[in-house]
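Peer 1: Shown below is the structure under consideration.
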Amino acid sequence: MFNKKKQPPIKSLIAEGSQIDGNFTFGDGLRVDGAIKGNIYANPELPSILVISETATVVGEINADHIIINGHVHGPVHAHVIDRKS
């Protein structure tokens, strides 16, 4: 029923106490513990995972393959399921 493919590694972190004003693009995995005022986009050519932790706030649109939200998001969220051949 559920796809058991391995998730990409989280290679990037926006730490608690940090804030980014503007759009942010990432590849592989991203964990947000701080704040982003802008859109977050995963590289559409690579599998992606985005984790919004309980201390994080995002004001903007989110686009990634797999998204875990424990914090606050004010904007549309688009999670994609794409069958990419290795």
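Peer 1: Out of residues 5 or more away from residue 46 or on other chains, whose amide H comes under 5 Å of its own, with H placed 1.01 Å from N in the peptide plane?
Peer 2: Those lying under 5 Å, H to H, from residue 46: there are none.
Peer 1: Taking H placed 1.01 Å from N in the peptide plane, check which residues at least 5 places from residue 31 or on another chain put their amide H under 5 Å from its amide H.
Peer 2: 12, 13, 14, 51
Peer 1: For region 26-86, state the semi-axes of the equivalent ellipsoid (square roots of 5 times the eigenvalues of the alpha-carbon gyration tensor), sorted largest first and rounded to whole angstrom.
Peer 2: 20, 11, 9
Peer 1: Summing +1 for each Lys or Arg and -1 for each Asp or Glu, what net charge is found among the other residues whose Cβ lies under 9 Å from the Cβ of residue 42?
Peer 2: Residues near residue 42 contribute -2 overall.
Peer 1: Also, quick follow-up: Determine the per residue accessible area of the chain with all protein chains present and a 1.4 angstrom probe, expressed in square angstrom.
Peer 2: 64 Å²
Peer 1: Separate question: Give me the percent of accessible area attributable to carbon and sulfur for region 24-86, probe 1.4 angstrom. Provide the component values of the computation, followed by the final result.
Peer 2: Details: 1770 of 3270 Å².
The value for region 24-86 is 54 percent carbon and sulfur by accessible area.
The values are calculated or read from the model by the stated rules, or taken from the named source; none is laboratory data. If you're wondering where the values come from, they're calculated on a predicted model, not measured in any experiment. Positions of Cβ are backbone-derived with ideal geometry, glycine not excepted, and every protein chain shown enters the neighbour counts. For the accessible areas, the whole protein counts, side chains as well, though only heavy atoms, and no ligand, DNA or RNA atoms are used. Shrake-Rupley method; radii C 1.70, N 1.55, O 1.52, S 1.80 Å.
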